[in-house]
Amino acid sequence: MSIEDGAIVLESVSKRYGDVVAVDSVSFQVNRNEIFALVGPNGAGKTTTIEMVEGLRKPDGGTITVNGMAPGDRKVRELMGVQLQDSAFYDKARVKECLQMFRGFYADPLPVDEVLKEVGLKEKANTYYGKLSAGLKQRVAIGVALSSNPSLLFLDEISTGLDPQARRAMWDMILNLKKKGKTIFMTTHYMEEAERLADRVSIIDHGKIIALDTPKNLIKEFGGGSRIEYEGPVIDVGEKTEHLDGKTIIYTDKPKEAVPQLMSEAANRQVDLRGLRVEEPNLEDVFLRLTGREMMD
Amino acid sequence: MGGFEFFCVRLKIQFREVEHVFMTIALPILLVVLNGSMSMGLQWFLPGGITMVILMSGFFVYLEHIVSDKERGIIRRMHVVPTSPATYMACETSVTLLFTFLSICILLGMMTILSVKIEGSVLSLMAMIFLGSFTFMALGSMIAGLIKSTGMAMTVSMLLLVPLMIFCFAPLEAFPSGFEPFIRFLPSVPLTEVMRDLVMGTGSIVDNLGNVYVMLGWLVGCALVAATTFRWE
């Protein structure tokens, strides 16, 4: 991908609030028709970064371009659909009215019925916003973002506060939007969400980008291999092993060879491998290896 | 066209807010009828009722909307749609004006049923309603600009609302003469006095230029403070 494919380009962008450096010389680009996830713990600088791209905050250093134009430019706003973190609508507005409110500002908005269908709210069209569950309110937020028929979609912590079922429904919706040709820039502190949805992930911590690549490549490079865990004594299978609080963890790049070897040894020694399981590395492991600490959920 | 759909939805929501409809429409009617039946007649109290509608709609409800819209992120959202926050203010102002006028029409309709007449110029009355609406909206905007905390802004608005409401209906003669110079400069008092002259046919806007200047002073002063202190988030 060349820089010309960059729908959004950030170069050495910084933002300070007094003595606090919220975003520290961050550079990346979001390519067209990809889902790009900026992932990190609370306070890492995700929302500050995405809001600078949306034009809600001004960077103190560096440059940001959206489709070659400055953030906040009226032509850029025509292309954008934004789901703001912590935003809400009027409790006494019906769902369809929430979608109607802002679409009039755009040159070519989508019909309300089409948006309702897209976000699965057709049956709730006449329900008051104040009566909706948290999951449905988030769908309204996405619906409002989609109403403008944007090519660029910004989603800031879209799954926060959702139960697992609602979260998965949200993921399906986002993947569907990508199939329709949208470019999606999202932030999340759920590593699993980034892993499932994103074409590329950028991990941010304390305002700095510490890794950027596809989830698969990040896991391959930083994930540390598979983990075989069980409750029982250490059995040496020639791989790095840890033992803590009665639990043994074996790190291996070849679980298909290590597991039969482990079980064979355990049988020979008549050792019971309680709770034996094999875990593949994920982005949580990547974050742990890169920062030395776990993501706080 | 851009703000029209926003305006339409906003207006529908306004009428669904039962507590605001009660305070802006039902309560002034009740107070006019109650006070008027006990003394001085409905015609004397009608201007106070109109002032109260303007006060409730243009100051209290308007301020509450701005403050809660800030909290909800509605105003913030105007920075990411192809429009300006000024469009939001224009829509909110238009909704407030229209709601105020509709509420006053309902009040006047009730008074007509009760055989209360407007002796003076209706056009002049409308002009004062406009002036009063903009003055109280400017007052609300000033408070929203000066007081950043939404809870504190609503508390201050309630504290201001009570005396402003009292002087919609209470004759000035009921208060110690030493207070009169201060009371006369509260925005609800000159507005009510001008409208009383118009409703009862005892004077015109020209005869009340002093009161009109007080209103304009409040409007310009509050608008200037609001312009320098108001923050969109």
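With segment B:1-80 as the region, which helices (runs of 4 or more DSSP H) entirely inside it contain at least 3 residues that are within 14 Å of another protein chain (Cβ to nearest Cβ) and either open to solvent by less than 20 Å² (accessible area, probe 1.4 Å) or not hydrophobic (A, V, I, L, M, F, W, C) (or both)?
Working: elements: B:4-16, B:18-21, B:27-38, B:42-54, B:62-72, B:74-77.
Answer list for segment B:1-80: B:4-16, B:62-72, B:74-77.
Only residues that are surrounded by 19 or more Cβ atoms within 10 Å (Cβ to Cβ) and touching a Ser or Thr at 6+ places or on another chain (Cβ under 8 Å): list them for segment B:205-233, please.
The initial filter retains those residues of segment B:205-233 that are surrounded by 19 or more Cβ atoms within 10 Å (Cβ to Cβ), namely B:205, B:208, B:211, B:214-215, B:218-219, B:222, B:226.
Matches in segment B:205-233: B:I205, B:M215, B:W218, B:L219, B:C222, B:A226.
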Note on A:L290: of the conditions (1) assigned to a loop (DSSP other than H, G, I, E, B); (2) under 30 Å from A:H206 (Cα atoms), unmet is (1)
Take A:V39 and decide whether it is closer than 30 Å to B:R16 by Cβ, in contact (Cβ under 8 Å) with a residue 12 or more places away in the chain and away from chain B (no Cβ under 11 Å). no
In this structure, is A:A134 more than 14 Å from chain B (Cβ to nearest Cβ), modelled with pLDDT under 90 and open to solvent by 10 Å² or more (accessible area, probe 1.4 Å)? yes
Which residue pairs have Cβ atoms under 7 Å apart, sit 6 or more places apart or on different chains, and have a first residue in segment B:113-136 that is more than 13 Å from B:G203 (Cα to Cα) and a second that is outside any helix (DSSP H, G or I) and open to solvent by 50 Å² or more (accessible area, probe 1.4 Å)? none
Please give the number of the condition B:A90 fails out of (1) more than 23 Å from B:E64 (Cβ to Cβ); (2) surrounded by fewer than 16 Cβ atoms within 10 Å (Cβ to Cβ); (3) of a type in the set (A, V, I, L, M); (4) touching a residue at least 40 places away in the same chain (Cβ under 8 Å). (1)
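For (1) at pLDDT below 95; (2) surrounded by 13 or more Cβ atoms within 10 Å (Cβ to Cβ); (3) aromatic (F, W, Y), each residue gets a yes or a no:
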{"site": "A:A166", "(1), (2), (3)": "yes, yes, no"}
{"site": "A:I174", "(1), (2), (3)": "yes, yes, no"}
{"site": "A:K179", "(1), (2), (3)": "yes, no, no"}
{"site": "A:F185", "(1), (2), (3)": "no, yes, yes"}
{"site": "A:D205", "(1), (2), (3)": "yes, yes, no"}
{"site": "A:L212", "(1), (2), (3)": "no, yes, no"}
{"site": "A:E229", "(1), (2), (3)": "yes, yes, no"}
{"site": "A:G232", "(1), (2), (3)": "yes, yes, no"}
{"site": "A:T241", "(1), (2), (3)": "yes, yes, no"}
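Of the residues that sit in segment A:59-75 and are at negative phi and touching a residue at least 40 places away in the same chain (Cβ under 8 Å), which one is farthest from the other protein chains (Cβ to nearest Cβ)?
Initially, segment A:59-75 is screened for residues at negative phi, giving A:59-61, A:63-66, A:69-71, A:73-75.
Checking which are touching a residue at least 40 places away in the same chain (Cβ under 8 Å) leaves us with A:59-61, A:63-66.
On the way: A:P59: 15, A:D60: 18, A:G61: 21, A:T63: 19, A:I64: 14, A:T65: 17, A:V66: 11 Å.
Result: A:G61.
The values are calculated or read from the model by the stated rules, or taken from the named source; none is laboratory data. Values in this document were obtained by computation on a predicted structure and should not be read as measured data. Cβ atoms come from the backbone with ideal geometry, glycine included; neighbour counts cover every protein chain shown. Accessible surface areas use protein heavy atoms only, side chains included; no ligands, DNA or RNA. Shrake-Rupley method; radii C 1.70, N 1.55, O 1.52, S 1.80 Å.
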